[in-house]
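Comments concern the structure below.
The values are calculated or read from the model by the stated rules, or taken from the named source; none is laboratory data. If you're wondering where the values come from, they're calculated on a predicted model, not measured in any experiment. Cβ: placed from backbone, ideal geometry, glycine included. Neighbour counts: every protein chain shown.
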Amino acid sequence: MAILDRLKSILPPTPGRAVHPPGQHTVDELHLAAAVLLVEAARMDDEIHEHERARIDALLRERFGLDADEARELLELAERTAADSTHWQGYTRVVKERFDQAERVQMLEMLWEVVYTDGELHDHEASLLRRITGLLYVPDRESGEARKRVLTRLGLGD
């Protein structure tokens with residue numbers, strides 16, 4: 001079954017409604033939830049720029065071991081899902097319930113990479129990251145450390 005078919009099959013009837021008990025997850029559920037949050041971060045300024053789309057694609061391939069076609073399909077589904085959903089918070093619930101603490105911090109690091117793709121942090125992006133940090137139950141200190149790692153990696157300093 002193609003990744004797109006697998007991903008569509010795990011979409012919960014209501015965004016964020018658990019398909020599996022807390023602490024258990026399928027890889028596809030996690031990939032979709034993470035991709036939707038990355039897309040949300042990218043579209044905080046009302047559109048996804050090509051450099052943001054390219055960064056999300058690279059993150060999906062690097063962090064989840066997807067090939068180019070799988071990453072493209074996942075990104076396209078995440079964009080459609082995010083555009084159709086006003087309940088992105090439900091996807092944070094999937095991540096919170098199914099990612100362990102280290103994975104949640106890694107998710108925040110991925111989000112920081114997306115919002116800093118253009119070299120600056122905008123107010124709406126900062127607000128979104130603060131809300132997601134709280135919803136994922138990641139302490140501000142750990143989110144700040146993830147942010148600093150991204151800034152260093154991207155050569156942006158602080």
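Give the stretch 67-107 a look and list any residue that's surrounded by fewer than 19 Cβ atoms within 10 Å (Cβ to Cβ), touching a helix residue (DSSP H, G or I) at 6+ places or on another chain (Cβ under 9 Å) and in a loop (DSSP other than H, G, I, E, B), or say none.
67, 85
Would you mind finding the one in 157, 144 that is of a type outside the set (Lys, Arg), at negative phi, free of Cβ contacts under 8 Å to residues at least 24 places away in the same chain and surrounded by fewer than 21 Cβ atoms within 10 Å (Cβ to Cβ)?
Working: 157 fails: at negative phi.
Only one candidate passes the filter, namely 144.
Keeping to the stretch 43-62, report how many residues are at pLDDT below 90 and surrounded by 15 or more Cβ atoms within 10 Å (Cβ to Cβ).
Final tally of qualifying residues: 3.
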